[in-house]
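Comments concern the structure below.
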Amino acid sequence: MRLEKQLIGYLLVAGVLTLAGCKGEHEGKPAPKLPVAQVSVQEVVAETVRSQIEVVGTVHAVEHASIAPRVSGQIVAMPVDLGSQVHKGDLLVKISTGEILAQLLQAQARVEQARRNLAREERLQKQEASTLETVKSLREQARIAAAAHEEVKTMLEYATITAPFAGIVTRKIASVGDLASPGVALLELENEKALQVVAQVPEGLILKVRKGDVLPVSVPAAGVTLNGEVAEVAPAADPSSRTASVKINITAAADLRPGQFARVTLTNEGEKSLVISEKAILSFGQMERVFLVEDAGQGRPSVASAKDGAGATNIAHLHLVRTGARYNGQVEILAGLIPGDRVVVSGADKLQDGQPLDVKPQAMDLPSGKEKERP
């Protein structure tokens, strides 16, 4: 048994020595040289970027009226239904006028009586049988009676309610036979031809919105995207929501309806951000990487120190980055790069870390000084 254990030990030692010898032979071989790759590069530059923020709003009709009576009485006619199209001056509601007509007759009788009394006293005053003060008093009574008569005539007109503008009945609250009371709404009327979006803008952005500004507006339910003009801006913010109301006039469309959900795009002031082409970004799982062009002896170079062309000392170095917003084929770089870095744009997906590069003469740099927009 002891002899067998010794034999097994000798075999294990021999196996380890054999593996070590093989490893040494492999490490002694030089690593194969990577071929020179032709690539196009882009310089990382800081650009003025205008951030875009979306706020939600609701489509409203510019002309909206809640139809309520000024006199009480039973509704005897309502020739409109929910969704009815009406023109300006069309009859909407008619209220019974029996009581008002009786009041009108009484007022008319008082006017006639006051006028007769005044005429009699004026004749007596000419005959010096009445005083001037009595005549003046009767004249005042005649004017009071005439004013009361006009008041009742106006109330009679209030019993007939007509459309103040052309539009559509969006809400019908009462029906024929119901009792109408002053100030209690019977109908709601909206002009669907003139629309606006009412949005609540955060107080941090409200000072940048001016009357007359043109803002992009989208209504997903109607599939409509258009530009609207700011018509009104609230001068004060709501302390509970820290927002202010903004009204934006929009052009009416076939599928636009009051009450629909809308989005309004606001553009923030320009700010500096690093941007590169989306083609330079290589995704690996949740990591995002780029290939930097570096000098073999100096590391990350400036644009002036890079040696391009055949026999160049440029090499590709894999580098992790953190990206931000994407827009117009460009991507914002939040971390990992600095201005002046050069990243590989064309052929980056076939490169290996440390591979020598032959940089093409035509650079794909972004033109500096121009504004980009990001969502």
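We did not get these values from a lab; they are worked out from the coordinates using the rules stated. Just so you know, these numbers come straight off a predicted model, no measurement behind them. All Cβ positions, even for glycine, are placed from backbone atoms using ideal geometry, and neighbour counts span all protein chains on display.
For Ala222 and Arg326 in one chain, what is 0.36 nm times their gap in residues minus the Cα-Cα distance, to one decimal in nm?
34.8 nm
Using the reciprocal of the averaged 1/r over all distinct C-alpha pairs, how large is the Kirkwood radius of segment 98-158 in Å?
Mean inverse Cα-Cα distance, inverted, gives 12.3 Å.
Label points 7 Å out from Cα along the Cβ direction at Glu99 and Gln127: separation in nm?
Simple spin-label model gives 4.6 nm for this pair.
Can you give the extra length, in nm with one decimal, that the chain gains between Ser245 and Lys88 once fully stretched, where that is 0.36 nm per residue apart less the Cα-Cα distance?
In short, 53.5 nm is gained.
Lys and Arg at +1, Asp and Glu at -1: add these up for the other residues within a Cβ distance under 14 Å of Gly223 and post the number.
Computed value for this residue: +1.
Kirkwood hydrodynamic radius, computed over distinct alpha-carbon pairs, for segment 160-304: how many Å, to one decimal?
About 20.7 Å, per the Kirkwood formula over Cα pairs.
Taking Cα centroids, how far is segment 104-183 from segment 211-269 in Å?
Using only Cα atoms to place each centre, the spacing works out to 48 Å.
By average Cβ neighbour count within 10 Å, what is the ranking of 158-166, 135-143 from highest down?
In descending order of packing, they fall as 158-166, 135-143.
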